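Data block below; observations after.
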Amino acid sequence: MTQDIQPATGFASPAPGWFGTVHFRAIRVIVWACWLVGGLALAVLVIALLAGVLDRFLFKIGLPWPEELGRLALIWLTFIGGIVATAQGRHFAIAFQEDPTAQPLAMRAVIALATAALSVFLAYQGWLMLDLVGGQTMAAFDISVTWMYLPFIIFACAAAVIEALMLVAIIIRLLGPAARPAVTNS
């Protein structure tokens, strides 16, 4: 079974036909948005760290915001990057072979289901955490601590959506004519 790797996203859809096209487009939009937010988070991180170093060692003022802004940007960068890694099949998953595309489709469906279930559980736990710390504020910015925990929930929800799309694509391939063995007359 051969699959076409899409160069824009780096992953293959196991679904043939129109769903494969929709599948690629949906995940491509998610990945594009994550690259945009991740790039912005990286730029903010670099600027905050540079400001912190200059502030501490050159001006000797000791501003509180560069460290807090850098921490916030790193958290966003980490979890947004996790979404891209999940879309490319390079993040957390249950793997039984080194090359996941070499696994039987049924095994890949089980893995996608387990990963989606774990992602939903993590999103739920993250939401509970937001409810717990929602009233606290960050010292330097006087904004809610929710902004520090929000990327975790976004990551978990996006991972669940990506894995659900992959599961549907695998089921379509399993039920479609491409998955059935050819009948030969002997």
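When the Cα atoms of region 118-169 are enclosed in a convex hull and the volume is divided per residue, what value in Å³ results?
Convex hull of Cα atoms, per residue: 55 Å³.
Within 10 Å, count the other beta carbons around each residue, average over each peptide in 159-169, 29-39, and list them highest first.
Descending packing order for the listed peptides: 159-169, 29-39.
Plugging the Kirkwood radius over Cα pairs into Stokes-Einstein for region 37-83, at a temperature of 37 °C and a viscosity of 0.692 mPa s, what D comes out in µm²/s?
305 µm²/s
In what sequence, highest mean first, do 128-140, 105-117 appear when ranked by Cβ atoms within 10 angstrom?
My ranking of the peptides, most packed first, is 105-117, 128-140.
Take peptides 80-86, 57-63 and line them up by average Cβ neighbours within 10 Å, highest first, as a rough protection proxy.
80-86, 57-63
Full extension from Ala164 to Thr78: what is 0.36 nm times the residue separation minus their Cα-Cα distance, to one decimal in nm?
28.8 nm
Let's test the formula: R0 of 41 Å, r as the Cβ-Cβ distance of Ala140 and Leu113. What FRET efficiency results, to the nearest 0.05?
Efficiency, rounded to the nearest 0.05: 0.45.
Every number here is computed from the coordinates shown, using simple stated rules; none is lab data. Because the structure is predicted, anything quoted here is derived from the model rather than measured. For neighbour counting, all protein chains shown are included, and Cβ atoms are generated from backbone atoms with ideal geometry for every residue, glycine included.
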